[in-house]
Amino acid sequence: NTADRSIALVDYALRRRFAFVTLQPAFEHPTFAKFLQERGISSAMISRIRGLLGKLNQDIANDTHSLGKGFCIGHSFFCPTVSNIENEQEWFKTILEYEIYPLIEEYWIDDEIKINKWADEFSQ
């Protein structure tokens with residue numbers, strides 16, 4: 001995890017010993033949509049996830065001063081482990097509130113304007 005600089009020395013040691021594969025967020029991949037549809041997520045919600053996270057990841061990638069593309073948020077946050085999501089709105093809201101928003105607060109800890117911007121985006 002290149003975003004976690006607190007373990008940089010361990011990261012360097014591992015990189016000397018193992019091969020690494022860079023994984024990119026795959027919100028637009030057809031398999032992601034199929035996976036969600038099989039769990040009861042509507043096409044409208046899939047579009048909402050793709051749109052919101054696409055914009056957020058673009059904002060993160062464009063912040064080359066503090067963040068950059070290595071900090072982009074991956075699709076795994078939105079891969080449910082249960083076979084059927086009964087309330088997709090609540091499921092989506094819970095992920096944003098308890099997983100994505102705290103990450104955003106950490107990313108832009110010194111930029112309250114940016115945090116508030118994304119809090120507004122998440123509440124729409």
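I'd like the residue in the stretch 77-90 that is surrounded by 15 or more Cβ atoms within 10 Å (Cβ to Cβ) and in contact with a Phe, Trp or Tyr (Cβ under 9 Å, 6 or more places away or on another chain) and, out of all such residues, is nearest to L53 (Cα to Cα).
Applying the filter and picking the extreme gives F78.
Answer yes if at least one residue in the stretch 40-57 is open to solvent by 90 Å² or more (accessible area, probe 1.4 Å) and free of Cβ contacts under 8 Å to residues at least 24 places away in the same chain, and no otherwise.
no
Among the residues of the stretch 94-123 satisfying the criterion of being open to solvent by 40 Å² or more (accessible area, probe 1.4 Å) and under 16 Å from G51 (Cβ atoms), which is nearest to the chain's Cα centre (by Cα)?
E121
Answer yes or no: is there a residue in the stretch 42-59 that is modelled with pLDDT of 95 or more, in a helix (DSSP H, G or I) and of a type in the set (S, T, Y).
Yes, the stretch 42-59 has at least one match.
Scan the stretch 64-76 residue by residue and report those that are open to solvent by less than 30 Å² (accessible area, probe 1.4 Å) and either touching a residue at least 24 places away in the same chain (Cβ under 8 Å) or at negative phi (or both).
Answer for the stretch 64-76, where residues must be open to solvent by less than 30 Å² (accessible area, probe 1.4 Å) and either touching a residue at least 24 places away in the same chain (Cβ under 8 Å) or at negative phi (or both): L67, I73, G74.
Can A33 be described as among the hydrophobic types (A, V, I, L, M, F, W, C) and over 22 Å from W108 (Cβ atoms)?
Considered against the rule, which asks whether it is among the hydrophobic types (A, V, I, L, M, F, W, C) and over 22 Å from W108 (Cβ atoms), A33 comes out as yes.
The values are calculated or read from the model by the stated rules, or taken from the named source; none is laboratory data. This one's a predicted model, so the numbers in the text were calculated from it and none came from an experiment. Because the Cβ atoms are built from the backbone with ideal geometry, glycine has one as well, and the counts that use them run over all protein chains shown. Side chains are part of the model used for accessible areas, which takes the heavy atoms of the whole protein and leaves out ligands, DNA and RNA. Shrake-Rupley method; radii C 1.70, N 1.55, O 1.52, S 1.80 Å.
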